[in-house]
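Quick notes on the structure that follows.
The values are calculated or read from the model by the stated rules, or taken from the named source; none is laboratory data. The shown structure was predicted, so the numbers you read here are calculated from the model rather than taken from an experiment. Positions of Cβ are backbone-derived with ideal geometry, glycine not excepted, and every protein chain shown enters the neighbour counts.
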Amino acid sequence: MPQESMVVFGAHSDDFVIGAGATIAKYSQEGVHVTSIVFSYGEKSHPWLQEAVIKKMRAHEALEASTILGCKTYIYNLKELHFMEEYTEKYVDDAIHKLLMKIKPTKIFTHSPEDPHPDHKAAYNLTMDIIKKLSWKPEVYIYSIWNPVSFKTDYPSLYIDVSKTFSLKLKALKTFRSQRFHAIYPLLILVFKRALVCGIKIRKIFAERFYKIQ
Ligand SMILES: [Zn+2]
């Protein structure tokens with residue numbers, strides 16, 4: 001059996017933590033090789049800092065969060081709201097394909113196609129495009145960020161018991177200091193509530209929920 005390995009795609013530098021952070025930590029502790037792929041630094045979403053400063057901060061934060069969770073992270077330089085054009089223009093498609101050929105992921109996690117954020121939707125589309133070109137068929141799961149997921153289709157759900165690693169997710173989220181004042185604190189409450197509600201579903205303290213789409 002080949003060693004299990006997992007890749008989590010995210011549009012912005014904090015999405016992999018919000019969407020699957022505790023699961024990443026859990027798998028990593030179990031010896032699974034975990035990689036996160038970030039399409040964009042998310043340089044636009046800060047009201048008053050310069051783009052270059054933001055990029056540096058975001059990269060630093062994402063790497064710090066990755067160390068806490070136990071994954072390796074690659075950040076690409078797609079401009080927010082321009083993923084589709086820049087994806088081939090900047091050869092990000094080739095770079096990620098090469099990376100996946102090396103890692104050979106057995107499980108892939110990405111955004112939901114029903115996520116209202118245009119970058120999250122684009123990240124989903126790009127992920128599916130990348131997966132189509134692989135010579136093997138990994139399992140594919142989707143996660144949600146802000147929206148309580150209410151899928152029209154009935155994909156099977158996957159609840160992961162993250163009672164032991166949920167605190168690492170919170171710790172990792174707190175590394176995103178550049179976003180603290182306008183996004184991270186309300187988000188922590190939401191993330192906490194969602195993990196509790198998902199936990200109840202499987203009679204554990206905390207859980208993360210995904211939908212298997214492939
Ligand atoms: Zn995002």
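Would you check which residues across region 122-148 are in a helix (DSSP H, G or I) and within 16 Å of the ligand (Cβ to nearest atom) and list them? Scanning region 122-148 gives 122, 123, 124, 125, 126, 127. Residues that are part of a helix (DSSP H, G or I), under 16 Å from residue 174 (Cα atoms) and in contact (Cβ under 8 Å) with a residue 12 or more places away in the chain within region 46-74 comprise 57, 58, 59, 61, 62, 64, 65, 66, 68, 69, listed in sequence order.
Counting just the residues of region 39-68 that are more than 12 Å from residue 80 (Cβ to Cβ) and surrounded by 19 or more Cβ atoms within 10 Å (Cβ to Cβ), which one comes out nearest to the ligand (Cβ to nearest atom)? The extreme case among them is 62. Screening region 88-122 for residues that are aliphatic (A, V, I, L, M) and surrounded by fewer than 18 Cβ atoms within 10 Å (Cβ to Cβ) and picking the one that is farthest from residue 145 (Cα to Cα) gives 101. Among the residues making up region 175-212, those that are assigned to a loop (DSSP other than H, G, I, E, B) and more than 16 Å from the chain's Cα centre (by Cα) are 202, 203, 204, 205, 206. The residue that is nearest to the ligand (Cβ to nearest atom), among those in region 1-14 that are crowded, with 19+ Cβ neighbours inside 10 Å and modelled with pLDDT under 95, is 12.
Residue-by-condition table, conditions (1) of a type in the set (Asp, Glu); (2) more than 14 Å from the ligand (Cβ to nearest atom); (3) at pLDDT 95 or above; (4) under 26 Å from residue 167 (Cα atoms):
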{"site": "22", "(1), (2), (3), (4)": "no, yes, yes, yes"}
{"site": "29", "(1), (2), (3), (4)": "no, yes, yes, yes"}
{"site": "35", "(1), (2), (3), (4)": "no, yes, yes, yes"}
{"site": "89", "(1), (2), (3), (4)": "yes, yes, no, no"}
{"site": "100", "(1), (2), (3), (4)": "no, yes, yes, no"}
